[in-house]
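Participant: Dumping the structure here so I can ask a few things about it.
The values are calculated or read from the model by the stated rules, or taken from the named source; none is laboratory data. Please read these numbers as outputs of a predicted model, since none were measured by experiment. When we count neighbours, we look across all protein chains shown, and the Cβ atoms used for this are built from the backbone with ideal geometry, even at glycine. Protein only, heavy atoms only, side chains kept; ligands, DNA and RNA dropped before computing areas. Shrake-Rupley method; radii C 1.70, N 1.55, O 1.52, S 1.80 Å.
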Amino acid sequence: MLWNVDLTLVDVAIVTRDAYAEAFRVVTGRPLVKLVPPAGRPDSEIVFETLAVNGIVAEDDHLPRFLSALAMAFADRRGRLAQDGRMMPGAKAALKAVSRLDGVTQTVLTGTIRANAVHKLKAFGLDKYVDFELGGYGEEVYPKATLLQVAQSRAKQRVGAVFTAANTVVIGDSTRDVQAAKIGGAGMIGVASGRSMASELREAGADVVLPDLSNASEVVAAVAALTAPLDRAAR
């Protein structure tokens, strides 16, 4: 089970922008004028585009330096996450309910770098439901569909089982999440709580579309319906 983070589980856009501005200043020595919108993209892609739109020609060391500075800037602001951000409606109850399904392990598939993903979920008490060792993250310079397959490979190494569309589910709020699930090989639950409307998620190919996570029973039913065996029971 792979959760997108931003606008699916939490919304910490204000802190994220401030951290990007600080990282940009540290790496370039200039103030950030424009930050490209995330739009479901990984941090690695956002960094390159942000450098470009601010007139910086990217060099080989820009990405690792920027991601390191971003992690530090975000960590320095982690105390603001709960104050200036919010947990998405129903996120904690949905994570808790899914965790009770037999045989389910929950991790993340996110464009956020790993250190920042941990801070984001920990700030709202969501980290205890997530195995961060198995996820896919924004510092891994792959398309999100490939990150999904990387996460499946990590899970296979852990438990020895093969993970396919029959036993892997992604939950996310953008059409990019849907595309990653369809290409990478996973069932897809779209939640219309963030970047994309319900109609866009359906058109992109989501197997199930929910307005948000506020009904934990609906989330559990959707996960159970998309995974084998069909008679999976809650413990």
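Participant: Grab the DSSP H runs of the chain that are 4 residues or longer, score each as -39,500 (n - 2.57), total them, divide by all residues and round the 222 nm result to the nearest 500 deg cm²/dmol.
Facilitator: Calculated from helices alone, the mean residue ellipticity at 222 nm is -14000 deg cm²/dmol.
Participant: Hey, if we sort Lys122, Lys96 by accessible area with the 1.4 Å probe, largest down, what's the order?
Facilitator: Lys122, Lys96
Participant: Can I ask one more? If you take every residue apart from Arg195 with its C-beta less than 12 Å away from the C-beta of Arg195, what net charge results, scoring Lys and Arg +1 and Asp and Glu -1? Walk me through the intermediate numbers first.
Facilitator: Numbers: positive: Arg41, Arg176; negative: Asp6, Asp11, Asp173, Asp177, Glu200.
Neighbour charge sum, excluding Arg195 itself: -3.
Participant: Given N residues in segment 161-207, what is its alpha carbon radius of gyration divided by 2.2 N^0.38 Å?
Facilitator: On the way: Rg = 10.3 Å, N = 47, 2.2 N^0.38 = 9.5 Å.
Dividing the Cα radius of gyration by 2.2 N^0.38 Å gives 1.08.
Participant: Considering only C-alpha atoms, what is the centroid distance from segment 155-191 to segment 5-62, in Å?
Facilitator: 26 Å
Participant: How much space per residue, in cubic angstrom, does the convex hull of the C-alpha atoms of segment 1-85 take up?
Facilitator: 102 Å³
Participant: Here is a follow-up. What net charge is computed for the residues neighbouring Arg77, neighbours being all others with C-beta under 10 Å from the C-beta of Arg77, Lys and Arg scored +1, Asp and Glu -1?
Facilitator: Once positives and negatives cancel, what remains is -2.
Participant: Where in the chain are the helices, taken as whole DSSP H runs, whose Cα atoms extend 20 angstrom or more along the long axis and whose Kyte-Doolittle mean reaches at least 0.5? All intermediate terms of the calculation are to be shown ahead of the outcome.
Facilitator: On the way: long enough: 13-28 (22 Å, 0.52); 62-76 (21 Å, 0.83); 144-159 (22 Å, -0.46).
For the chain, where a helix must reach 20 Å along its axis and average at least 0.5, the hits are 13-28, 62-76.
Participant: For Lys182, list the aspartates and glutamates whose Cα falls under 16 Å from its own Cα; do not include residues on the same chain fewer than 8 positions away.
Facilitator: Asp173, Glu200, Glu203, Asp207
Participant: For the chain, give the percent of accessible area contributed by carbon and sulfur heavy atoms, probe 1.4 Å, rounded to a whole number.
Facilitator: Carbon and sulfur atoms account for 53 percent of the accessible area of the chain.
Participant: What Kirkwood Rh does the chain have if only Cα atoms enter the pairwise 1/r average? Answer in Å.
Facilitator: Values: mean 1/r = 0.0558 Å⁻¹.
Taking the inverse mean of 1/r over all distinct Cα pairs, the chain comes out at 17.9 Å.
Participant: Need one number: nm distance between label points at Lys122 and Thr164, each 7 Å from Cα along Cα→Cβ, rounded to one decimal.
Facilitator: Rounded to a tenth, the inter-label distance reads 3.8 nm.
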